[in-house]
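Enquirer: Dumping the structure here so I can ask a few things about it.
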Amino acid sequence: MDPIYRALAEIVGEEYVSDQPEELFTYSKDLGTSEPIQPDYVAAPKTAEQVSRIVRMANQKKVPVVPLGGGISLAGLALPLRGGITLDLKRMDGIIELNEKSRYIVVEAGISHGKLTSYLHRHAPHLMHSEPGAPPAATIGGNVVIHGQGDLAHPYGFNSDMINGMEVVLPTGEICRFGSCAIGSGWYTLHPLPDLGLFLGWSGSTGILTKISLRLFPCKKIREMDIFVVEDEELVPDILYELTHAGMAEDLVAWSQEIPPYGNRLHHININITGDSREEMEFKRHLMFDIRLARYIQDGVGGIAAVSQDIERPQISKSADWKKGGGFEYVGSIMPVSAYPECYRRGMEISIRHHIPYTILGRVIGSAHGMMFSYSYAFNRADPETVRQAREALHETDHMVLEIGGTIWKPAVYGQQLVMERMDPNTLQLMKKVKTLLDPNNIMNPGNWEVN
Amino acid sequence: MIELDFNEKKCLACKTHDCLTKCQYLDLDKDAAGMEMQKIIKGEDSHVLHDCVTCYACEEYCPMGNHPFYLIVSRQEALGITPLPEPLIKRGVQMGIPFRGDPEIEEVQGPVLNMGAFSDLTHLIQGKLFEGLTLISTDPRKMFHYFCQLMYLHYGRISVINERLGKIIQTFAFHNVNQVIHFHDECYGAYTSYAPAFGIHVPFQSVHFFEYLYHRLTTLKNDIQPLNFKVAYQRPCSSRLSSDKYAFVDKIFELIGVEHVERKYKHENALCCGGSILGQKRAGSRALAMELQRKNIQDMKQAGAEFCVFNCPACMLTMGKPVAENQIQPIFMSDLCRMAVGEKIT
Ligand SMILES: Cc1cc2nc3c(=O)[nH]c(=O)nc-3n(C[C@H](O)[C@H](O)[C@H](O)COP(=O)(O)OP(=O)(O)OC[C@H]3O[C@@H](n4cnc5c(N)ncnc54)[C@H](O)[C@@H]3O)c2cc1C
């Protein structure tokens with residue numbers, strides 16, 4: 001019997017390991033435009049200790065290990081580029097501690113956003129975490145590792161800014177803790193100890209997160225989405241500036257898309273507000289619409305399209321549905337909010353060039369300190385030509401993002417290379433040193449963030 | 001050339017100018033109203049064109065059978081005085097563009113029920129009240145092929161209605177229908193009020209939804225269990241285009257044994273749900289919409305209404321939630337009628 005298979009079976013149990021083609025086939029797929037790549041093995045550990053043993057074994061055998069959460073980051077980030085073991089972390093989905101008064105929850109990293117949301121709904125309805133617009137199977141670990149953002153990004157920033165502590169299995173197998181939990185105290189803060197922030201933004205190539213303490217935030221009783229619309233893209237940064245000054249919103253997302261037609265060449269700004277009473281809600285609406293945005297309305301250049309709309313959670317993008325075949329991938333970019341007009345115009349040009357209805361969206365991060373601006377390209381999975389078109393559009397977008405002064409978020413390998421080509425050489429060398437130090441055998445998700 | 005048939009002489013001869021003096025959102029006496037109407041007829045600017053909240057009620061108030069509201073909207077467009085900010089107009093106009101292929105047209109026999117642009121409410125049409133009825137526009141992806149376009153009266157865009165309505169009528173004609181029951185007041189108004197006023201030929205006969213319900217209930221009389229509820233009715237703006245059919249509201253209520261509560265904002269004095277006012281350009285429009293809602297619901301409450309009955313999905317969307325928060329149950333008229341004939345509403 002294959003010794004790696006045997007070792008894996010011994011660690012996780014026969015039921016949770018496979019080298020069978022039908023399972024490897026499933027794990028070879030990515031939802032986006034990436035070509036399928038099969039791993040040699042799939043293993044689903046249950047504990048950090050099992051992860052650690054697998055990693056130690058992989059170092060001995062010099063076999064790559066690729067951590068996998070929900071597998072829906074769309075950019076092929078969890079595909080086994082050099083084969084090896086795909087480590088499916090979804091069994092590590094426990095809730096370890098909920099501390100209501102200190103507003104944090106400690107979870108295993110493979111827990112899905114959907115499970116966490118429903119757990120909080122049941123056990124701590126006054127609390128919520130920042131949920132991304134991804135399907136609910138997306139994991140907490142997979143999301144913070146790529147610096148995801150969710151529906152509390154406007155008040156509280158990136159999801160990876162909401163970490164109070166974490167446990168990581170290093171590429172050499174040691175289990176390390178960071179934050180107050182590292183000194184045996186509770187999991188309530190990441191600061192003020194020496195900064196060892198080496199694991200986020202690396203697409204799992206510097207270690208495997210196994211536990212995370214996540215900040216929770218007040219979840220108010222009444223939630224609604226209001227919608228403000230403008231035609232002139234140049235107004236969007238101003239309006240977001242006004243709205244972030246008012247500070248009443250919980251989530252701010254500006255979007256424009258060709259299909260359905262009502263969104264075409266218009267900019268919708270979705271404003272989520274919440275409150276514990278009708279009075280609080282009306283106060284917030286008043287401050288935003290009657291005070292900060294009144295002049296746009298009276299000048300006839302902006303208008304309230306709706307108030308009091310129900311908020312779906314998660315608010316999953318539907319842009320894949322507009323083309324037959326149900327596929328889509330997007331380039332996410334982190335941009336200054338002031339770049340919205342240019343992002344929109346350039347994104348639309350690329351879509352037109354590649355015959356794809358344009359779909360763009362920008363979610364405000366912090367008090368308009370930044371914006372995750374996405375350019376989505378739909379394709380028909382059954383039609384390789386449309387997949388090729390979408391891939392080309394994605395690559396062109398990667399270039400464009402950097403050209404206009406943005407940063408690519410969760411870049412695919414193609415985008416990672418573009419980013420590293422532009423990176424300050426000293427920083428790049430430091431990245432290389434860190435990676436070599438942590439992962440001397442280069443087994444951890446190799447091919448990602450690889451400094452040549 | 002599609003043009004409004006507005007009888008200026010009749011208007012000038014009017015002794016009351018009820019169109020504007022009865023308006024709940026403007027404050028004009030008879031003389032001022034007469035003067036403003038003259039300006040509007042002549043194509044001159046009038047504050048009415050700016051202050052109109054587009055509630056449609058003047059169509060009903062006019063004692064001369066004229067079309068003051070259609071005239072106001074026509075002039076708003078001609079003079080570039082739009083009630084809404086431009087982006088909302090563009091959004092609304094684009095909303096009505098069908099984009100997912102043509103509908104499958106089948107010839108239908110007998111009367112049909114037209115869901116218009118509310119295909120996603122087709123689930124309301126079930127049970128014995130609707131047995132044997134053919135439905136059209138049941139596919140939300142294709143519903144804009146049946147969209148009566150009258151919504152653009154709120155947008156100061158008569159031209160859009162006139163440009164598109166012919167094509168919509170043609171879609172009905174392809175079905176070879178001769179009698180169409182319209183789920184929404186607005187569709188009924190489009191084919192029985194707007195189209196004749198603009199000389200647009202409609203090759204089918206229209207039936208108001210309430211008239212249909214009333215007749216069906218009459219034939220099912222033996223099945224009716226009086227509901228004994230106290231109800232308020234949220235009369236939609238488009239009901240003003242068919243005020244002759246409004247009487248069916250009370251006829252239905254009587255038949256199913258509910259009490260239409262006496263209140264200030266009833267019948268002719270019904271208040272707008274606020275949906276179309278909310279986004280208007282005029283300073284204070286959003287707050288006005290909220291205030292109207294508050295007054296309206298307060299009025300229902302004071303009158304002891306247990307249910308608020310809707311027919312217009314837009315009114316339901318705007319007011320359903322706040323009504324429910326005030327312990328009054330929002331309900332569609334069709335559901336209320338179904339309850340009366342012993343059916344379970346889910
Ligand atoms: C329709 C749609 C909408 C989306 N909207 C959003 C959004 O609003 N905000 C947002 O942030 N994202 C969004 N996404 C992107 C993505 O789905 C999420 O970020 C998701 O949380 C990624 O988590 P995952 O578990 O699927 O990660 P995976 O795809 O499984 O993994 C992502 C990366 O992290 C690594 N990894 C996974 N788990 C670990 C771990 N425990 N330790 C170390 N490395 C690990 C993987 O190797 C891979 O490199 C969206 C995706 C879709 C399809």
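The values are calculated or read from the model by the stated rules, or taken from the named source; none is laboratory data. Just so it is clear, the model here is predicted, and its values are computed rather than measured. Don't worry about glycine lacking a Cβ; one is built from the backbone with ideal geometry, like all the others, and counts go over all protein chains shown. Side chains included, ligands, DNA and RNA excluded: accessible areas come from the protein's heavy atoms. Shrake-Rupley method; radii C 1.70, N 1.55, O 1.52, S 1.80 Å.
Enquirer: Probe radius 1.4 Å, ligands and nucleic acids left out: which of B:K22, B:K142 has the largest accessible area, and how do the rest follow? It would help to have the intermediate numbers written out before the result.
Expert: On the way: B:K22 75, B:K142 35 Å².
Result of the area sort, largest leading: B:K22, B:K142.
Enquirer: Another question, then. Considering every residue in A:288-294, what mean count of other chain Cβ atoms within 10 Å of its Cβ is obtained?
Expert: 2
Enquirer: Just to verify a number: what accessible area does A:Y344 come out at with the full protein assembly present, 1.4 Å probe, Å² rounded to tens?
Expert: 10 Å²
Enquirer: Moving to a separate point now. Taking the alpha-carbon distance from A:K433 and a cut-off under 16 Å, which aspartates and glutamates remain once sequence neighbours fewer than 8 residues away in the same chain are dropped?
Expert: Straight-line reach from A:K433, under 16 Å: A:D424, A:E450.
Enquirer: Next up: For A:Q60 and A:R82, what does the FRET efficiency come to when R0 = 22 Å and r is the distance between their Cβ atoms, rounded to the nearest 0.05? Walk me through the numbers on the way to the answer.
Expert: Details: r = 17 Å, r/R0 = 0.76.
Given R0 = 22 Å and the Cβ-Cβ separation, E is 0.85.
Enquirer: Moving to a separate point now. Rounded to the nearest Å, what's the spacing between the alpha carbon centres of the stretch A:235-258 and the stretch B:261-277? Just the number, please.
Expert: Centre-to-centre distance over Cα atoms comes out at 34 Å.
Enquirer: Given a 1.4 Å probe and no ligands, DNA or RNA in the count, how much accessible surface is buried by B and A, both sides, to the nearest 100 Å²?
Expert: Values: alone 15350 and 19030 Å², together 32210 Å².
In total, this chain pair buries about 2200 Å².
Enquirer: What do the square roots of 5 times the Cα gyration tensor eigenvalues come to for the stretch B:1-158, in whole Å, largest first, as semi-axes of the equivalent ellipsoid? Mind showing how you got there, number by number?
Expert: Values: eigenvalues 268, 73, 38 Å².
After diagonalising the Cα gyration tensor, the semi-axes are 37, 19, 14 Å.
Enquirer: Report the net charge of residues surrounding A:K115, where surrounding means a beta-carbon distance below 14 angstrom and charges are Lys +1, Arg +1, Asp -1, Glu -1. Present the calculation step by step, with values, prior to reporting the outcome.
Expert: Working: positive: A:K90, A:R91, A:R122, A:R313; negative: A:D93, A:E108, A:E131.
Overall, the nearby charge balance is +1.
Enquirer: Placing one identical point scatterer on every Cα of the stretch A:222-411 and ignoring solvent, what is log10 I(q)/I(0) from the Debye formula at q = 0.15, 0.17 Å⁻¹?
Expert: -0.88, -1.09
Enquirer: Among rounded, prolate and oblate, which fits the stretch B:201-250 when a ≥ b ≥ c are the square roots of the eigenvalues of its C-alpha gyration tensor, a/c under 1.5 means rounded, and a/b larger than b/c means prolate?
Expert: Details: a/c = 3.87, a/b = 1.40, b/c = 2.77.
Here the stretch B:201-250 falls in the oblate category.
Enquirer: Now for a separate question. Going from most exposed to least, what order do B:S193, B:S243 have by accessible area with a 1.4 Å probe? Intermediate results must be reported in sequence, preceding the final value.
Expert: Numbers: B:S193 15, B:S243 50 Å².
Putting B:S193, B:S243 in descending order of accessible area: B:S243, B:S193.
Enquirer: In addition: Taking every alpha carbon pair in the protein assembly as shown, what does the distance histogram look like in 20 angstrom bins from 0, in percent?
Expert: So the P(r) values, bin by bin, are 14, 40, 30, 14, 1, 0.
Enquirer: May I pose another question? By DSSP, what percent of the beta bridges with both residues in the protein assembly as shown are antiparallel, rounded to the nearest 5? Could the numbers behind the result be given before it?
Expert: Values: 69 of 96 bridges.
Of all bridge pairs located within the protein assembly as shown, approximately 70 percent are antiparallel.
Enquirer: What ranking, highest mean first, results for peptides A:200-212, B:169-181, A:298-310 when packing means the other Cβ atoms within 10 Å averaged over each residue?
Expert: Ranked from most to least packed, the peptides come out as A:200-212, A:298-310, B:169-181.
Enquirer: Express in % the proportion of alpha carbon pairs of the stretch A:87-127 at distances exceeding 13 Å.
Expert: Numbers: 426 of 820 pairs.
Within the stretch A:87-127, distances greater than 13 Å cover 52 percent of Cα pairs.
Enquirer: What does the accessible area of A:T33 come to, in Å² to the nearest 10, when a probe of 1.4 Å is used?
Expert: 10 Å²
Enquirer: To the nearest 10 square angstrom, what accessible area does A:W187 show with a 1.4 Å probe?
Expert: 30 Å²
Enquirer: Assuming a ≥ b ≥ c are the square roots of the Cα gyration tensor eigenvalues, decide whether the stretch B:8-79 counts as rounded (a/c under 1.5), prolate (otherwise, with a/b larger than b/c) or oblate.
Expert: On the way: a/c = 1.30, a/b = 1.15, b/c = 1.13.
Rounded is the answer for the stretch B:8-79, as its axis ratio a/c remains below 1.5.
Enquirer: Same structure, new question: Using a cut-off of 24 Å between alpha-carbon atoms, which lysines can reach A:K324, once sequence neighbours fewer than 8 places away in the same chain are excluded?
Expert: Cross-link targets: A:K29, B:K142.
Enquirer: Net charge near B:M151, counting Lys/Arg +1 and Asp/Glu -1 over other residues with Cβ under 15 Å of its Cβ?
Expert: Details: positive: B:K90, B:R91, B:R157, B:R164, B:R240; negative: B:E77, B:E163, B:D185, B:E186.
For residues surrounding B:M151, the net value is +1.
Enquirer: Separation of the stretch A:259-286 and the stretch A:354-414 by C-alpha centroid, Å?
Expert: 25 Å
Enquirer: Scan around B:R141 for amide H atoms under 5 Å from its own, H built in the peptide plane at 1.01 Å from N, and keep only partners 5 or more places away or cross-chain.
Expert: The list, which skips near neighbours in sequence, is empty: none.
Enquirer: Calculate the length of the line joining the C-alpha centroid of the stretch B:291-346 to that of the stretch A:145-219, in whole Å.
Expert: 49 Å
Enquirer: Continuing with this model, one more query. Which residues among the stretch A:124-153 fall inside the zone where the amide N is under 11 Å from a point 7 Å beyond the Cα of A:H369, along Cα→Cβ?
Expert: The answer is none, because no backbone nitrogen lies closer than 11 Å to the label point.
Enquirer: Could you work out, residue by residue across A:299-311, how many beta carbons of other chains sit within 10 Å of that residue's beta carbon, and then give the average as an integer?
Expert: Average per residue, whole number: 6.
Enquirer: Under a cut-off of 20 Å between alpha-carbon atoms, report the lysines in cross-link reach of B:K344, not counting same-chain residues fewer than 8 places apart.
Expert: B:K128, B:K221, B:K230
Enquirer: Just the Cα atoms of the stretch A:95-218, one point each, no solvent: what log10 I(q)/I(0) does Debye give at q = 0.13, 0.17, 0.22 Å⁻¹?
Expert: For the stretch A:95-218, the Cα-only Debye profile gives -0.46, -0.81, -1.39.
Enquirer: Right, something else. Could you work out the local net charge near B:D335, counting Lys and Arg as +1, Asp and Glu as -1, over the other residues with Cβ closer than 12 Å to its Cβ? Can you show the working numbers first?
Expert: Numbers: positive: B:R338, B:K344; negative: B:E343.
So the environment of B:D335 carries a net charge of +1.
Enquirer: Note down the magnitude of the dipole of the stretch A:95-218 about its Cα centre, charges +1 on Lys and Arg C-beta and -1 on Asp and Glu C-beta and zero elsewhere, to the nearest 20 debye. Walk me through the intermediate numbers first.
Expert: Numbers: 7 positive and 9 negative charges, 45 e Å.
With only Lys, Arg, Asp and Glu charged at Cβ, the dipole is about 220 debye.
Enquirer: Beyond 22 Å, what percent of the Cα pairs of the stretch B:222-340 remain?
Expert: Working: 2170 of 7021 pairs.
Roughly 31 percent, once rounded to a whole number.
Enquirer: Only four residue types carry charge here, +1 at the Cβ of Lys and Arg and -1 at the Cβ of Asp and Glu. Report the dipole size of chain A about the Cα centre in Debye, rounded to the nearest 20. Walk me through the numbers on the way to the answer.
Expert: Working: 42 positive and 55 negative charges, 169 e Å.
My answer is approximately 820 debye.
Enquirer: Please compute the per residue accessible area over the stretch B:86-211 with all protein chains in place, 1.4 Å probe, rounded to a whole number of Å². If you can, show how the numbers build up before the last one.
Expert: Numbers: 4800 Å² over 126 residues.
Accessible area per residue: 38 Å².
Enquirer: Of the listed peptides A:190-197, B:276-283, B:47-54, what is their order by residue-averaged count of other C-beta atoms within 10 Å, with the highest listed first?
Expert: On the way: A:190-197: 10.8, B:276-283: 22.4, B:47-54: 19.6.
My ranking of the peptides, most packed first, is B:276-283, B:47-54, A:190-197.
Enquirer: Taking the simple approach of a point 7 Å from Cα along Cα-to-Cβ for both A:S338 and A:K324, what is their distance in nm?
Expert: The two pseudo-label positions are separated by 4.6 nm.
Enquirer: Pick out, in residue order, every one of the trypsin sites (Lys or Arg not before Pro) in the stretch A:2-83 that is DSSP loop and has at most 11 other C-beta atoms within 10 Å; say none if there are none. Don't skip to the answer; put the middle values down first.
Expert: On the way: sites: A:R6, A:K29, A:K46, A:R53, A:R56, A:K61, A:K62, A:R82; in loops: A:K29, A:K46, A:K62, A:R82.
When the trypsin sites (Lys or Arg not before Pro) of the stretch A:2-83 are filtered for loop state and at most 11 Cβ neighbours within 10 Å, A:K62 remain.
Enquirer: May I ask you to order A:404-411, A:431-438 by the average number of other C-beta atoms within 10 Å around their residues, highest value first?
Expert: Details: A:404-411: 19.5, A:431-438: 15.6.
Result, highest mean Cβ count within 10 Å first: A:404-411, A:431-438.
Enquirer: At 1.4 Å probe size, with the rest of the protein present, what percent of the exposed accessible area of the protein assembly as shown is carbon and sulfur atoms?
Expert: It is 52 percent, rounded to a whole number.
Enquirer: For the stretch A:262-268, what does the Karplus curve 6.51 cos²θ - 1.76 cosθ + 1.60, with θ = phi - 60°, yield as ³J(HN,Hα) per residue in whole Hz, taken in order and with x for Gly and Pro?
Expert: 5, x, 5, 6, 10, 10, 8
Enquirer: Also, quick follow-up: Which shape class applies to chain B: rounded if a/c is under 1.5, otherwise prolate when a/b exceeds b/c and oblate if not, where a ≥ b ≥ c are the square roots of the Cα gyration tensor eigenvalues? Numbers along the way, then the final one.
Expert: Working: a/c = 1.66, a/b = 1.21, b/c = 1.37.
The shape class here is oblate.
Enquirer: Per residue of B:91-102, count partner chain C-beta atoms within 10 Å of its C-beta, then hand back the mean as an integer. Before the final figure, lay out the partial values.
Expert: Details: counts 12, 3, 2, 7, 4, 2, 4, 1, 8, 3, 0, 0.
Taking the mean over all residues of the peptide, I get 4.
Enquirer: Hey, another quick one. Just to make sure I understand: if all protein chains stay in place, what is the order of B:I105, A:I183, A:I105 by accessible area at 1.4 Å, largest first? Mind dumping the intermediate values first?
Expert: Working: B:I105 65, A:I183 115, A:I105 0 Å².
Solvent-accessible surface, decreasing: A:I183, B:I105, A:I105.
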